[in-house]
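Take a look at the following structure, please.
The values are calculated or read from the model by the stated rules, or taken from the named source; none is laboratory data. Remember, predicted model here, so these are calculated numbers, not experimental data. Virtual Cβ from ideal backbone geometry, glycine too; neighbours counted across all protein chains shown.
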């Protein structure tokens with residue numbers, strides 16, 4: 001039984017810190033200490049590069065088997081060589097046919113997923129169109145993952161899984177631009193990234209509403225600032241000007257994390273016993289984040305528009321119309 005989409009979400013988890021005992025400096029291995037994932041099956045998109053690679057390494061090290069769908073399977077196998085309990089398959093999140101084909105192959109194995117981490121993404125790329133002319137960041141970071149989770153739902157629902165979406169403080173850049181979601185009237189790479197990252201949070205909010213009666217909980221998070229291949233579209237000069245790196249390419253921003261620290265929050269959200277009865281919240285620094293004050297220019301916490309249940313339901317309906325997929329649609 002699932003929750004009807006027009007029904008108010010009961011017992012929403014408060015968007016406030018729970019005092020997890022971890023923080024910005026915690027690593028993925030540290031948050032997994034004492035947690036046995038033997039026999040668990042995880043899926044990590046982009047789990048062969050940057051934060052995804054460290055997430056895969058940590059989950060596999062705790063006993064889980066990790067499926068890594070990858071746009072470049074050969075590169076993924078090379079990066080994952082030496083990490084036991086991993087497997088690679090082909091998936092291009094910007095191509096909904098590829099998403100469908102991967103999901104069909106996975107479902108044919110009759111396995112149940114315990115953890116799904118929507119980690120893969122692109123950031124601040126030049127204006128790019130995919131599919132029927134969709135803006136690439138929204139299509140890849142949000143719609144691809146939306147379709148993936150909905151198509152994999154038969155393998156997710158039986159296991160009481162957690163679905164974790166990697167968002168960013170970039171969500172502070174923009175709400176959903178309902179008047180022009182495809183940037184047909186002027187493209188801004190950072191607003192496009194912000195809209196996509198807001199969509200990642202709203203996806204978790206509504207999925208948690210729909211799925212909690214099945215025992216499935218959803219979370220979104222900001223992993224922190226980390227230098228990874230995610231910055232591939234940014235010019236060296238742009239990152240120097242932003243104070244991220246020095247002229248030699250070394251990270252100099254005081255809040256930047258190592259990849260092992262950056263992977264910690266998504267691993268924590270996917271496994272922490274403290275979140276056993278929680279869901280639909282945005283996390284940062286291995287804890288539930290606080291709401292961002294409406295008049296604040298700081299980028300800590302989560303914007304109200306990113307956790308608004310009405311916005312979340314509207315985005316879900318929009319995504320279902322665009323992709324033609326909705327695991328929770330009622331018949332008739």
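If you go through region 100-115 one residue at a time, how many are assigned to a loop (DSSP other than H, G, I, E, B) and touching a residue at least 24 places away in the same chain (Cβ under 8 Å)?
Adding up the residues that qualify gives 4.
Output yes when any residue across region 118-127 is surrounded by 24 or more Cβ atoms within 10 Å (Cβ to Cβ) and either within 19 Å of residue 208 (Cβ to Cβ) or free of Cβ contacts under 8 Å to residues at least 60 places away in the same chain (or both), and no when none is.
The answer is yes, given that some residue of region 118-127 is surrounded by 24 or more Cβ atoms within 10 Å (Cβ to Cβ) and either within 19 Å of residue 208 (Cβ to Cβ) or free of Cβ contacts under 8 Å to residues at least 60 places away in the same chain (or both).
Return the total of residues in region 144-159 being touching a strand residue (DSSP E or B) at 6+ places or on another chain (Cβ under 7 Å) and within 20 Å of residue 170 (Cα to Cα).
Final tally of qualifying residues: 1.
Exactly one condition in (1) out of contact with any strand residue (DSSP E or B) (no Cβ under 6 Å at 6 or more places or on another chain); (2) in a helix (DSSP H, G or I); (3) closer than 13 Å to residue 302 by Cβ is false for residue 175; which is it?
So residue 175 meets the others, but not (2).
When residues of region 152-183 are filtered for being farther than 19 Å from residue 308 by Cβ and modelled with pLDDT of 95 or more, how many remain?
The number of residues fulfilling the criteria is 13.
Follow-up. Any residue at all in region 116-128 that's modelled with pLDDT of 95 or more, within 16 Å of residue 40 (Cβ to Cβ) and not in a loop (DSSP other than H, G, I, E, B)?
Yes, that holds for at least one residue.
Check whether at least one residue in region 219-242 is under 28 Å from residue 330 (Cα atoms) and at pLDDT 95 or above, and report yes or no.
Yes, region 219-242 contains at least one residue that is under 28 Å from residue 330 (Cα atoms) and at pLDDT 95 or above.
Answer yes or no: is there a residue in region 107-114 that is in contact with a strand residue (DSSP E or B) (Cβ under 7 Å, 6 or more places away or on another chain), surrounded by fewer than 24 Cβ atoms within 10 Å (Cβ to Cβ) and on the phi > 0 side of the Ramachandran plot.
The answer is no; no qualifying residue exists.
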